[in-house]
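The values are calculated or read from the model by the stated rules, or taken from the named source; none is laboratory data. Because the structure is a prediction, the values reported are computed rather than measured. Cβ placement follows ideal geometry from the backbone for every residue including glycine, while neighbour counts extend to all protein chains displayed.
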Amino acid sequence: MLPFKSLTSSKQLTPEIIKQIFTVVDQMAVSIENKGRIDLLDDKVVALLFFEPSSRTMMSFQSAAQRLKAGMVFAQNASSTSFEKGESLEDLIRMVEAYSDIIIMRHAQQGSADIAAKTSKVPFINAGDGGNEHPTQALIDAYTIHKEIGRLDSLNLVFGFDSLQSRSIHSLSRLLSQYKNNRFTFTGPKELEPSESLLAELQSTGTECVIASEVNLHDGYDVAYVNRLQEERFENRALFEENRRKYRLNKPDVENSGCLILDPLPRIDEICTEVDELPNAVYFKQASYGVPVRMALLAMLLGKA
Ligand code: NCD
């Protein structure tokens, strides 16, 4: 059983809780392998509200719900709902909770997940609230690192290249800051460094945080977690255009570095396709873990695992 009803921030994901979740993720992975689909949630309905573009998150939640045999209700963009008519988020959630047993929502507004979780009588999962947090992605990322390296502490990590606006970077760094002896190096354009408040929060856990204009992955890094510049969140278009192709991993950067390369995807300009064939490029494997991780979360939040 999880000690919370809803998941809005990776700050809720302590090492103890993550250990429990990973045990269930491993069981889900085995059940996919052996049976494909299981009856665990055949008495439940999952609501999926995606008010910002999504491929992986939306489809892996759908696949997870299908593999658990849950029913689904679905709204894909604000213009297809009464948001367009001016309905408040609170009213929307009050309706959807009557149609479902758990609500998953992606929304462009930072803080929308907290409002929805507070309003909802049924469990709620934040699938990305603006540039703020994406806690289920952080779980997938952490699961990948754990599978590949066998630990989540004492890691030397690089984050790039838009630490200011990437909710995936925010959530993974918050999650990993709860483990001992991790060291974070943030790299990318100066204007896209992590906010002072995020840095202060991470440092308050004792995590060493460094800002570097450039890094060499051959210098003993364990993991590079890269994410595209978050084009849709730029107020200054020129800043995006100026930097979009400046930060890009190529084969010589990565080959024989011993550094795992993760990316929540979509990959735009931040990794050359020639990197894909290298054994330490694990971003597609990482994406595949979305299904068992989200199956585990759905089952646990609904008290079935
Ligand atoms: C991420 C997101 O939506 O924040 N994508 C995802 O969920 N896998 C990263 C991104 O869009 O760059």
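Restricting attention to region 225-250, the residues that are closer than 16 Å to Y283 by Cβ, surrounded by 15 or more Cβ atoms within 10 Å (Cβ to Cβ) and not aromatic (F, W, Y) add up to 5.
Within region 249-294, track down each residue that is over 15 Å from the mean Cα position of the chain (by Cα) and either among the aliphatic types (A, V, I, L, M) or within 15 Å of the ligand (Cβ to nearest atom) (or both).
L249, V254, L260, I261, I268, D269, E270, I271, V275, L278, A281, V282
Annotation for region 280-287: no member residue is more than 17 Å from S166 (Cα to Cα), surrounded by 14 or more Cβ atoms within 10 Å (Cβ to Cβ), touching a residue at least 24 places away in the same chain (Cβ under 8 Å) and among the charged types (D, E, K, R). When V24, V73 are screened for being β-branched (V, I, T), farther than 22 Å from A117 by Cα and at pLDDT 95 or above, only V24 passes.
Among the criteria (1) in contact with a helix residue (DSSP H, G or I) (Cβ under 9 Å, 6 or more places away or on another chain); (2) loosely packed, with under 15 Cβ neighbours inside 10 Å, the one L48 does not fulfil is (2).
A single entry from S163, S177, S197, S171 fulfils the requirement of being small (G, A, S) and more than 19 Å from the chain's Cα centre (by Cα): S197.
So which residues in region 160-182 are of a type in the set (A, V, I, L, M) and either closer than 15 Å to L262 by Cβ or modelled with pLDDT under 95 (or both), if there are any at all? Across region 160-182, the qualifying residues are I169, L172, L175, L176.
Scanning region 1-30 for residues that are small (G, A, S) and more than 18 Å from P123 (Cα to Cα) yields a count of 1. Annotation for region 229-242: no member residue is assigned by TED's automatic domain parsing to the domain that holds L157, among the aromatic types (F, W, Y) and either touching a strand residue (DSSP E or B) at 6+ places or on another chain (Cβ under 6 Å) or within 20 Å of Q137 (Cβ to Cβ) (or both). Do we find a residue being over 20 Å from V293 (Cβ atoms), outside any loop (DSSP other than H, G, I, E, B) and either of a type in the set (D, E) or in contact (Cβ under 8 Å) with a residue 40 or more places away in the chain (or both) anywhere in region 165-182? Among the residues of region 165-182, not one is over 20 Å from V293 (Cβ atoms), outside any loop (DSSP other than H, G, I, E, B) and either of a type in the set (D, E) or in contact (Cβ under 8 Å) with a residue 40 or more places away in the chain (or both), which makes the answer no. If the condition is being assigned to a helix (DSSP H, G or I) and either within 13 Å of S9 (Cβ to Cβ) or not aliphatic (A, V, I, L, M) (or both), then region 183-197 contributes K190, E191, E196, S197. Being surrounded by fewer than 23 Cβ atoms within 10 Å (Cβ to Cβ) and closer than 27 Å to I93 by Cα holds for only one residue in G150, G130, and it is G130. Taking (1) out of contact with any Leu (no Cβ under 8 Å at 6 or more places or on another chain); (2) more than 18 Å from G130 (Cα to Cα); (3) of a type in the set (A, V, I, L, M, F, W, C) in turn, I93 satisfies each apart from (2).
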